[in-house]
Amino acid sequence: MKKLLIVSYLSLVAVFAFLAGCASDGGDALSEQIAAVDEALAEADYEQAQEILDDVLRHGTRGISEENLGRLSVQLMRLSEHSDNEENVAAAATCFREAYRLSADSLRSFSSTLTPEEQAHFYLVKRIVAGIDNPVDLTSEEFLYEDSVAVPPHVYAISEEDFFMRPKGPKRR
């Protein structure tokens, strides 16, 4: 009985060690795929980059680190500039959301390692996700006059006399 318990315990430890080894191999393979996408984008081989990213995303985003999810979202946004595939923007938003869910602090520190071009893509996907997750009413008065020259009536609510600089009260002689 005691030997059976020890054998079961050792087999359980072996299974966990095997699973941990598989998980780290998956992370290394993903890092290689991400590097291959970077190379393909640098060489303007957008079809190859799309194929690699499609393969990565086919397996889902579960188990991917927040840094790799951030990298994937930037790559997808870069790729969306060169294709009419709107699914890349949607996938970038999904990767960004998952990375933010895992660790907002890690995602923030990841953004500081990006080049200026990559930061532009990072902040674009961040704004897209924020706009989807926290929509605003663009028809409210707050936004109606934001970019226009006209001044909303409630901002400078002055009387007609003040507007034409007419004196108030009795006229002086």
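The values are calculated or read from the model by the stated rules, or taken from the named source; none is laboratory data. Nothing here was measured: the structure is a model prediction, and the numbers come from that model. For neighbour counting, all protein chains shown are included, and Cβ atoms are generated from backbone atoms with ideal geometry for every residue, glycine included. Accessible surface areas use protein heavy atoms only, side chains included; no ligands, DNA or RNA. Shrake-Rupley method; radii C 1.70, N 1.55, O 1.52, S 1.80 Å.
Accessible surface of the range 26-135, 1.4 Å probe: 48 percent of it comes from carbon and sulfur atoms. For the range 23-76, the list of GluC sites (Glu not before Pro) that fall in a loop by DSSP and count at most 15 other C-beta atoms within 10 angstrom reads Glu43. Rounded, prolate or oblate for the range 62-113? Axes are the square roots of the Cα gyration tensor eigenvalues, ordered a ≥ b ≥ c, and the cut-off for rounded is a/c under 1.5. Cα axes put the range 62-113 in the prolate bin.
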